[in-house]
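The values are calculated or read from the model by the stated rules, or taken from the named source; none is laboratory data. This structure is a prediction, so every number in the text was calculated from the model and none was measured. Methodologically, a virtual Cβ is constructed for each residue, glycine included, from the backbone with ideal geometry; neighbour enumeration extends over all protein chains shown.
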Amino acid sequence: MTETMSPPSSDRIRKEMLSLVKSVKGQVLNAENLYVEVDWKKPVVERKNLPSAAKDHVGQLDDLAREALSCVQCSLAEKRKNVVFGDGNPSARIVFVGEAPGADEDEQGLPFVGRAGQLLTDIIVKGMKLARKDVYICNILKCRPPNNRNPLPEEICKCEPFLKKQLQLIRPSVICALGKFAAQTLLKTETPITALRGRFYDYEGIKLMPTYHPAYLLRNPPAKKQVWEDVQMIMKEIEPGSHA
Ligand code: URA
């Protein structure tokens with residue numbers, strides 16, 4: 001007896017096409033982030049073929065991103081659609097560090113592009129009067145944990161060297177650690193975020209401000225008041241003429 005399979009519904013085909021388009025878009029954006037623009041009048045330095053140590057910090061960050069894009073050091077590599085290395089200005093004065101990519105970020109290969117990302121964008125654009133492209137945004141983990149579960153200690157351990165190098169290369173004036181995982185990982189502490197937030201700490205010579213994660217603010221809007229206080233302290237630190 002031959003079994004007949006019913007053809008996929010048009011809704012399923014539409015969903016699959018949408019997912020494919022998003023994934024390709026993410027990969028193109030990732031590739032664009034790695035693309036190095038050169039002024040045609042200047043002699044072209046083959047940056048790609050220089051040893052990493054001979055490159056400027058932008059070239060070294062590109063090399064690091066390429067390394068992360070092929071990382072298979074933990075099992076998150078098996079299920080990811082895209083590695084979410086980071087996005088923004090490689091010479092930013094402020095770097096936001098979140099927890100890990102979610103479904104939207106995994107789909108597009110870019111950090112903070114879902115609902116929490118929209119809130120972070122509002123904080124940057126409406127609150128700080130900066131453009132998203134002026135700051136740099138990344139995460140503790142570069143790959144999505146399944147079902148958005150919390151990062152595991154061994155995943156953090158494998159992935160943290162990427163973040164450490166990323167922060168060393170960008171060397172911002174301020175790091176804003178978004179939520180418990182970012183703050184506790186960078187500060188090597190188990191102190192709760194409620195106790196950590198609201199003041200600066202030292203992270204390898206860089207000022208670090210822990211604050212609540214935008215996803216927490218979506219669940220608990222009154223906490224926006226405290227985030228606004230933290231953000232104002234950051235703005236004071238990076239305003240033109242400040243010592244930072
Ligand atoms: N939450 C995070 O911590 N990072 C993202 O990139 C998105 C949501």
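The C-beta contact set for the stretch 151-165 (first residue in contact (Cβ under 8 Å) with a residue 60 or more places away in the chain, second residue surrounded by fewer than 16 Cβ atoms within 10 Å (Cβ to Cβ), distance under 7 angstrom, 6+ apart or interchain) comprises LYS158/GLN73.
Of the residues in the stretch 191-243, how many are hydrophobic (A, V, I, L, M, F, W, C), under 25 Å from ARG149 (Cα atoms) and surrounded by fewer than 16 Cβ atoms within 10 Å (Cβ to Cβ)? Total satisfying the criteria: 2. Selection of the stretch 194-222 for residues being more than 21 Å from VAL135 (Cβ to Cβ) and within 16 Å of the ligand (Cβ to nearest atom) yields ARG219, ASN220.
Residues that are touching a residue at least 60 places away in the same chain (Cβ under 8 Å) and part of a helix (DSSP H, G or I) within the stretch 213-234 comprise PRO214, ALA215, LEU217, LEU218, VAL227, TRP228, VAL231, ILE234, listed in sequence order. A count restricted to the stretch 127-176 and to residues that are assigned to a strand (DSSP E or B) and either modelled with pLDDT under 95 or within 16 Å of the ligand (Cβ to nearest atom) (or both) stands at 6. Restricting GLU105, GLU32, GLU78 to residues that are in a helix (DSSP H, G or I) and modelled with pLDDT under 95 narrows the list to GLU32. VAL113 meets each of the listed conditions (1) within 9 Å of the ligand (Cβ to nearest atom); (2) surrounded by fewer than 22 Cβ atoms within 10 Å (Cβ to Cβ) apart from (2).
Selection over the stretch 177-189 of residues that are part of a helix (DSSP H, G or I) and within 14 Å of the ligand (Cβ to nearest atom) gives a count of 8. Within the stretch 1-12, the set of residues being at pLDDT 70 or above and more than 18 Å from GLU107 (Cβ to Cβ) comprises PRO8, SER9, SER10, ASP11.
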